[in-house]
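Notes to accompany the following structure.
Laboratory data are not the source of any read-out in this text; all were calculated from the coordinates shown. Only a predicted model underlies this, so the values are computations on that prediction, with no experimental measurement involved. Glycine gets a Cβ as well: all are built from the backbone with ideal geometry, and neighbour counts include every protein chain shown.
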């Protein structure tokens, strides 16, 4: 029978493995976002279709992490702070899965668009994408390292994303007032930008779970 010290070492190793799985899933969805916009920029419909068809990979990662969390709870009987970490990991993985869903939503919209559509709206997308990718990556880093300062810094980046989305909306309104504007293209691009903004909100959620780990308080988790 394992002594208490050995059991603790084993438990900490499994917690580290859980953190690695979360980081891997975060990297996976970040790459999906990156590949989606690369394909959109090249009007590569085949690549977009592969992204849409590969949605099951993220779902499998979600189920694997959920199983690890439940196994840790049942087998290791964690103390309060460890239990909080595991419970928050379950929340984080839900946000990551939703980010994966939104990335696929973006790919589906991109199938109907190209770089010639509504240029005044498209010009804001690259900056939104880069900010979203950074937010996603850093929010996961903040969670696994319990870095509250890093988590809090993501709020400023979220404000940047919100500001860019507002500019996209303003351009959409202008275009819809113009004669000859393709309203369906404008609406699709607006939805595409909205999904990016929602991904930023999910990254903020991950940061809120980081804050909760230390304080036990949830400030502003967004249900999306």
- prompt: Rounded if a/c is under 1.5, else prolate if a/b is larger than b/c, else oblate: which is segment 1-42, with a ≥ b ≥ c the root eigenvalues of its Cα gyration tensor?
  reply: prolate
query: If you take the square roots of the eigenvalues of the alpha-carbon gyration tensor of segment 94-170 and sort them as a ≥ b ≥ c, do you get rounded (a/c under 1.5), prolate (a/b over b/c) or oblate?
result: oblate
query: Full extension from residue 43 to residue 182: what is 0.36 nm times the residue separation minus their Cα-Cα distance, to one decimal in nm?
result: 48.2 nm
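Using only alpha-carbon positions, what ratio does the radius of gyration of the chain give when scaled by 2.2 N^0.38 Å? The partial results should precede the final answer.
Details: Rg = 19.7 Å, N = 224, 2.2 N^0.38 = 17.2 Å.
Relative to the 2.2 N^0.38 Å estimate, the chain comes out at 1.14.
Tell me, 160, 92 in order of fewest to most beta-carbon neighbours within 10 Å?
Working: 160 17, 92 23.
With the fewest neighbours first, 160, 92 line up as 160, 92.
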message: Give me the extension gain from residue 150 to residue 84: residue separation times 0.36 nm, minus the current Cα-Cα distance, reported in nm with one decimal.
response: 21.8 nm
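Sequence gap at least 6, Cα distance under 8 Å: using those rules, report the relative contact order of segment 4-215 to the nearest whole percent.
Values: 230 pairs, mean separation 58.2, N = 212.
The value is 27 percent.
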Where a label projected 7 Å from the Cα of residue 120 along Cα→Cβ would reach, residues of segment 173-207 with amide N under 19 Å: 173-194
field: Value of [θ]222 nm, deg cm²/dmol, for the chain, DSSP H segments ≥ 4, -39500 (n - 2.57) each, nearest 500
entry: -29500 deg cm²/dmol
message: Whole angstrom only: what separates the Cα centroid of segment 99-171 from the Cα centroid of segment 172-206?
response: 12 Å
statement: Shape call for segment 1-103, from the Cα gyration tensor axes a ≥ b ≥ c (a/c under 1.5 means rounded, otherwise prolate when a/b beats b/c, else oblate), comes out prolate
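Between residue 127 and residue 66, what's the calculated FRET efficiency when r is the beta-carbon distance and R0 is 35 Å? Round to 0.05. Walk me through the numbers on the way to the answer.
On the way: r = 34 Å, r/R0 = 0.97.
Calculated value: 0.55.
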